Amino acid sequence: MPGLLLDTLRGHKGERAPMWLMRQAGRYLPEYRALRAEKGGFLELVYDSEAAAEITIQPLHRFGFDGAILFSDILIVPHAMGQGLEFLAGEGPRLSPPLLEARLEDFTAQPERFEAIYQTLRLCRAQLDESVTMLGFAGSPWTVATYMVAGEGSRDQHATRELAYVDPARFQAIIDAIVEVSITYLRGQIDAGAEAVQLFDSWAGSLAPDQFDRWVIAPNAAITAALRQSHPDTPVIGFPKGAGAKLAAYANETGVDAVGLDETVDPEWADRELPKGMPVQGNLDPLLLMAGGAPLVDRARFILRTFADRAHVFNLGHGIGQFTPIEHVEQLVAAVRGQ
């Protein structure tokens, strides 16, 4: 029998909304911080399959979520494509050399880097109860490309947006390469135990409408179509953060099975405008979870009421914040489960 989360992603309404939280495996948990202090840096943890599996499962022990999200990072794809990757304390990821200065063909692909991620999934699936859905993920091509081109994150993705305008043929080749590797990666995740996968497009909101169609909708549609061909029973969740009014087109044209909503999306608008019968996921503001109290409970209940007639996975509008109090997460779980 599929777990409640997997069943919901397939379009069935259960007795309650299943829940998991983006970044639920990570730095807000004291047990994660203790393990990281013991094992070393972030990337070392990602490639240590036993440690990564332990981190993936940690929030399940505390909160009993309906899904376990793989502990990894979207930048594993460019790392496997041969781009250098390091995480600097207090500064975030750095990729070298950036594609502003180098060519893809200069990189030496290292697809064997995926094997540690697949092993993490195997270890998790072996330890999880069958009622818990194992979630894999990858970054969507546009968001991954923004890091590959600039070599780091940025507020407005200026360098990548400019490249897409100035040399669209070159940028198309970058996107196509990321699509191809992402398909291989996600297929490998599913074969290793992922029962559903999410495509994270964290920077989708920075694009003009025509650019959104080309660099967000089209690549995600290509990935989804390929996964549908090889793994037709595995749901794909699309999460185009910041898409706003373009969310309806994304839902209709990418072929994803479910759509994640960020915290800026009005749930009533989403329920009205998104395809009838399509599962939705979201969309509590992570800062409200950090604040806690009665407003947290009230908003959670409003979201649940709004999607009462639709298959709905309760989640945040983005990742859980590092300084979120554990008791606020417990308060949210109790509210969502009606306790």
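List of remarks:
- Seen through its C-alpha gyration tensor, with square-root eigenvalues sorted a ≥ b ≥ c, segment 209-272 comes out oblate because a/c lies at 1.5 or above while a/b is not bigger than b/c.
- Candidates Pro93, Pro30, Pro275, ranked by Gaussian network fluctuation over the chain, Cα under 10 Å, top entry: Pro30
- Overall dimensions of segment 201-339 by Cα: Rg and Dmax, Å: 15.7, 46
- When shorter helices are ignored and each DSSP H run of at least 4 residues is given -39500 (n - 2.57), the per-residue value for the chain at 222 nm works out to -14000 deg cm²/dmol.
- Distances between every pair of Cα atoms in segment 1-146, grouped in 10 Å steps from 0 to the bin holding the largest one, split as 10, 36, 32, 17, 4, 0 percent.
- Selection from Thr324, Ala258, Val297 lying farthest towards where the dipole of segment 242-334 points positive, charges on Cβ: Ala258
- Annotation: the antiparallel percentage among DSSP beta bridges lying fully within the chain is about 20.
- Packing order of peptides 106-113, 9-16, highest average first: 9-16, 106-113 (average count of other Cβ atoms within 10 Å over each peptide's residues).
- Working value for the chain: equivalent-ellipsoid semi-axes of 29, 24, 19 Å, each the square root of 5 times a Cα gyration tensor eigenvalue, largest first.
- Cα centroid separation, segment 169-192 to segment 1-48: 23 Å.
- Over segment 50-96, relative contact order from alpha-carbon pairs under 8 Å, at least 6 apart, %: 24
- Rg over Rh, two decimals, segment 176-245 (C-alpha only, Kirkwood Rh): 0.99
- Student exercise, segment 257-337 dipole from Lys, Arg, Asp, Glu Cβ charges, in Debye to nearest 20: 220
- Computed on the Cα atoms alone, the convex hull of segment 63-188 gives a volume of 127 cubic angstrom per residue.
- Length gained on full extension, Ala34 to Asp266: 79.7 nm, using 0.36 nm per residue less the C-alpha separation.
- Descending principal axes extents, segment 25-76, alpha-carbon based, whole Å: 27, 22, 18
- Taking the centroid of alpha carbons for each part, segment 307-329 and segment 118-149 are 19 Å apart.
- Relative packing of 172-182, 279-289, which averages over residues the other C-beta atoms within 10 Å, highest first: 279-289, 172-182
- Taking amide H as placed 1.01 Å from N in the peptide plane, Val313 has its amide H under 5 Å from the amide H of Val280, Gln281, Gly282, each at least 5 places away in sequence or on another chain.
Every number in this text was worked out from the coordinates using simple rules, so none of it is lab data. This is a predicted model, so every value here is computed, not measured. With ideal geometry, Cβ positions are generated from the backbone for all residues, glycine too; neighbour counts draw on all protein chains shown.
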